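See below for the structure under consideration.
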Amino acid sequence: MTDFFDELEIRDPSQRLQQQIEAVASQVAHAQATCPAWADILQAVKASDITSVEAIAALPVTRKSNLVELQKNNLPFGGLVSSEAAPLTYVFTSPGPINEPGFDVPDLWHFARALYAGGLRKGDLVHNSFSYHFTPAGAMFDSAAKALGCTVIPAGVGNSEMQAQSMATLKPKAYIGTPSFLKILLDKADELDLDVSSVTHAVVGGEPFFPAQQAFFKARGLQVLQGYATADLGSIAYETPAQEGMVIDEDVYVEIVRPGTGDLLADGEVGEVLVTNFSRHYPLIRFATGDMSAIMASASPCGRTNRRIKGWMGRADQAAKVRGMFVRPEQVAELLVKHDEVIKIRLQITQIDAQDSMQVLCETQSTAADLAEQITANVRNLLRVRGEVVLQPVGSLPNDGKVIDDQREY
């Protein structure tokens, strides 16, 4: 048993770069040949010309908004799934709405190496509290843990008392899920006087991992490492026991660009994360995540030789994650349309006791007694996350163009 998942993680950096450039060129040729949408997007591209970082940087950028439009015209996946893909096993729906495919392939989203770095090994029992409902996170980590030879408790989200009792009874070694829900489970176990000390390792993601949470887990003797991923791409980068930035996954090619463009930034400069994956089933080329990060200097002290990013550093747009779910300006606009009596809506996101809190600030002249209740119901339906509705006088919100005000400190 080694500290590394495979030999790819300790390749010579110049060898890796050359092999990844070749992999991007191969992915472009494959996408052009087997995906109608990519054939259109990349019609001016000659795959054989992709022989350098600069050539990759000249390829067009594709954004989540492009996926939404493509899927509207060609359900369910907008012509981006390869005609040579493995059998389709899942259709997920994430906020946007965006449909994501799942295929009959072990560790399809390549999270196994992130879990391995997090201390999970063959035979371990793992408590997976990511959602198995509509969104892909639960299935993503389920597949990866099984590929490692772990046994999975498919807990999903919610019902903290039952989950804490399950942990105390079954005694898993590791937790997978959001950091905020892990804290909820540990607090619930304390409240019920349950012994959950079998959980010594955790791999978390789906939301920011705040310093207060990190300190809480460290004080309890837990090794909690975070991963960075998206529903479309799977694993992008992951933390190792060195806990100095995040090592980029071997199964993707990452660029940092000036937000809103495809222009490369120098290492150390904060910009938007673009990712090209190497999936032959669902190719994504120079896919803009909307997330901000920066490339770190030098290699990780853990011995892995791939580049590192500083981790998640906010959004290039106004979208934000609240309790593991994205909220986007488009959703706020849709909420506003449903209430003619509301002039302006602004989501204000804070943290209270290390937990996400969202207020839905609404400017209105209406005095209807049930207006806040109606808006609350639509918040749940459209945003898929709870928020406290606060009615305010017209003109009370700042005139700064913000519809999502994320006041959390990262």
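More than 24 angstrom separation, counting every C-alpha pair in the range 266-389; what % is that?
Cα-Cα pairs of the range 266-389 separated by over 24 Å account for 48 percent.
Once you sort the root eigenvalues of the Cα gyration tensor of the chain as a ≥ b ≥ c, which label holds: rounded (a/c under 1.5), prolate (a/b larger than b/c) or oblate (the other case)?
Oblate, because a/c is 1.5 or more while a/b does not exceed b/c.
For a footprinting-style exposure proxy, rank LEU8, LEU59, LEU67 by other Cβ within 10 Å, fewest first.
Listed from fewest to most nearby Cβ atoms, that is LEU8, LEU59, LEU67.
I need the calculated FRET efficiency for the pair SER26 and ALA377, taking r as the beta carbon distance and R₀ as 45 Å, to the nearest 0.05.
The pair SER26/ALA377 has a calculated efficiency of 0.35.
State the answer as a single residue: which of ALA33, CYS362, GLN71 lies farthest towards the positive end of the charge dipole of the chain, with beta carbon charges of +1 for Lys and Arg and -1 for Asp and Glu, about the Cα centre.
Towards the positive end, the residue furthest out is ALA33.
Any chance you could check the Cα centroid distance between the range 228-288 and the range 294-318 for me, in angstrom?
Centre-to-centre (Cα) distance: 9 Å.
Could you name the aspartates and glutamates in cross-link range of LYS171, using Cα to Cα under 14 Å and dropping any fewer than eight places away on the same chain?
ASP124, ASP195
By counting other Cβ atoms within 10 Å of each Cβ, how are THR367, THR178 ranked from fewest to most?
Arranged by neighbour count, lowest to highest, THR367, THR178 become THR367, THR178.
What list of ³J(HN,Hα) couplings, whole Hz, do you get for the range 354-367 from phi and the Karplus terms 6.51, -1.76, 1.60, once you set θ to phi - 60° and write x for glycine and proline?
Computed from phi, the couplings for the range 354-367 are 6, 10, 5, 9, 10, 9, 9, 7, 10, 7, 7, 9, 5, 10 Hz.
What full-extension length gain, to one decimal in nm, is calculated for GLU54 and LEU170 as 0.36 nm per residue of separation minus the Cα-Cα distance?
So the extension gain works out to 36.6 nm.
If Lys and Arg each add +1 and Asp and Glu each add -1, what is the summed charge of the other residues whose beta carbon sits under 14 Å from the beta carbon of ALA112?
Local charge sum for ALA112: -4.
Taking Cα centroids, how far is the range 351-408 from the range 144-177 in Å?
If you average the Cα positions of each part, the centres end up 34 Å apart.
Is any helix in the chain, taking whole DSSP H runs, at least 27 angstrom long along its axis by alpha carbon and on average at least -0.5 on the Kyte-Doolittle scale, and which ones?
13-34
Since every read-out is calculated from the coordinates, none of them should be taken as a lab result. Only a predicted model underlies this, so the values are computations on that prediction, with no experimental measurement involved. Glycine also receives a Cβ, built like all others from the backbone with ideal geometry; neighbour counts cover every protein chain displayed.
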